[in-house]
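Report on the structure given below.
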Amino acid sequence: MGELRLYAIGLDEVRGVFGAPDDRAAHLREVARKAFAPEPDPARTGLLSKLGPIFRRPPAAQVVSPTQPEPRDVEVLLAGAHVRPERTGATWRVLETLVCDLAWGSTKMSLTPQTLDELDFALARGGVSSSVGLRHLLDSSAELNLVPVQGLTVGWHRYETALAMAGAYRGALPQVKTTEQQDMVLALAHWLDGFVPWAQVAASLGRPVPDLVGFWAQ
């Protein structure tokens, strides 16, 4: 089962994570540290953990996979430096974690390619233009400075489009046939309603109005 994760955040703020200024980088570094700090394995702590240099790596340290972020991945991202191909998957995880922290709000939906197309078709039957469909959202590249990875699609819509989506989805609801799709459409429309108050708060804080950014993991 795939998952579509949606975030209300200005696209410029997402792009600003790459090469973030020192004050912002310090905050994001701490967010990543809390999110990805490995938990010690209780079975490997105790006296063995104190033997130190006799081991190549600390006994309590976990084996890191290509998609498990390391501190170095965070620093490379925040510096806006080149990401090695083998660390791209891990860096995407770091980026989404930081986006989640910066976002005004987020929601998620369980969607396979088939259920995504079926939902878009149901919305179109209710009069929703394809320009505000979920497929169009994912086809609108966010053009981030990070090489795409298989199984992850990142797209976006401007603030104004997010507002249009909320109204169009609610208007199409009577024509949506299945209860499951009705629940998905209603929940999404309700979440998109938050863009207006979020934009007001953003303006008061000197931040960009939120755009709609989607991470679709399949």
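Right, residue 189: outside any strand (DSSP E or B) and touching a residue at least 40 places away in the same chain (Cβ under 8 Å) or not?
No; evaluated as a whole, the condition is false for this residue.
Check whether at least one residue in the range 81-97 is free of Cβ contacts under 8 Å to residues at least 60 places away in the same chain, out of contact with any Cys (no Cβ under 6 Å at 6 or more places or on another chain) and farther than 30 Å from residue 36 by Cβ, and report yes or no.
Within the range 81-97 (the criterion being free of Cβ contacts under 8 Å to residues at least 60 places away in the same chain, out of contact with any Cys (no Cβ under 6 Å at 6 or more places or on another chain) and farther than 30 Å from residue 36 by Cβ), the answer is no, since none of the residues qualifies.
Can you find a residue that is on the phi < 0 side of the Ramachandran plot, in contact with a strand residue (DSSP E or B) (Cβ under 8 Å, 6 or more places away or on another chain) and open to solvent by 40 Å² or more (accessible area, probe 1.4 Å) anywhere in the range 207-217?
Scanning the range 207-217, I find no residue that is on the phi < 0 side of the Ramachandran plot, in contact with a strand residue (DSSP E or B) (Cβ under 8 Å, 6 or more places away or on another chain) and open to solvent by 40 Å² or more (accessible area, probe 1.4 Å), so the answer is no.
Taking the residues in the range 93-114 that are closer than 16 Å to residue 3 by Cβ and open to solvent by 50 Å² or more (accessible area, probe 1.4 Å) as candidates, determine which candidate is farthest from the chain's Cα centre (by Cα).
114
Any idea which of 153, 107, 97 is farther than 17 Å from residue 8 by Cβ, of a type outside the set (Phe, Trp, Tyr) and at pLDDT 95 or above?
Only one candidate qualifies: 153.
Could you run through the range 126-139 and say how many residues are surrounded by fewer than 18 Cβ atoms within 10 Å (Cβ to Cβ) and within 16 Å of the chain's Cα centre (by Cα)?
Selection size over the range 126-139: 1.
Does residue 167 satisfy the criteria of being open to solvent by 20 Å² or more (accessible area, probe 1.4 Å) and of a type in the set (Gly, Ala, Ser)?
yes
Being over 13 Å from residue 155 (Cβ atoms) and β-branched (Val, Ile, Thr) is the filter here; which residues of the range 115-140 pass it?
115, 128 - these are the residues of the range 115-140 that are over 13 Å from residue 155 (Cβ atoms) and β-branched (Val, Ile, Thr).
Looking at residue 179, is it over 30 Å from residue 76 (Cα atoms), open to solvent by 60 Å² or more (accessible area, probe 1.4 Å) and hydroxyl-bearing (Ser, Thr, Tyr)?
The answer is yes for residue 179.
Might you check whether a residue that is under 20 Å from residue 123 (Cβ atoms) and outside any loop (DSSP other than H, G, I, E, B) occurs anywhere in the range 196-210?
Among the residues of the range 196-210, not one is under 20 Å from residue 123 (Cβ atoms) and outside any loop (DSSP other than H, G, I, E, B), which makes the answer no.
The values are calculated or read from the model by the stated rules, or taken from the named source; none is laboratory data. This is a predicted model, so every value here is computed, not measured. Note: ideal-geometry Cβ built from the backbone for every residue, glycine included; neighbour counts use all protein chains shown. Note: areas computed on protein heavy atoms with side chains; ligands, DNA, RNA excluded. Shrake-Rupley method; radii C 1.70, N 1.55, O 1.52, S 1.80 Å.
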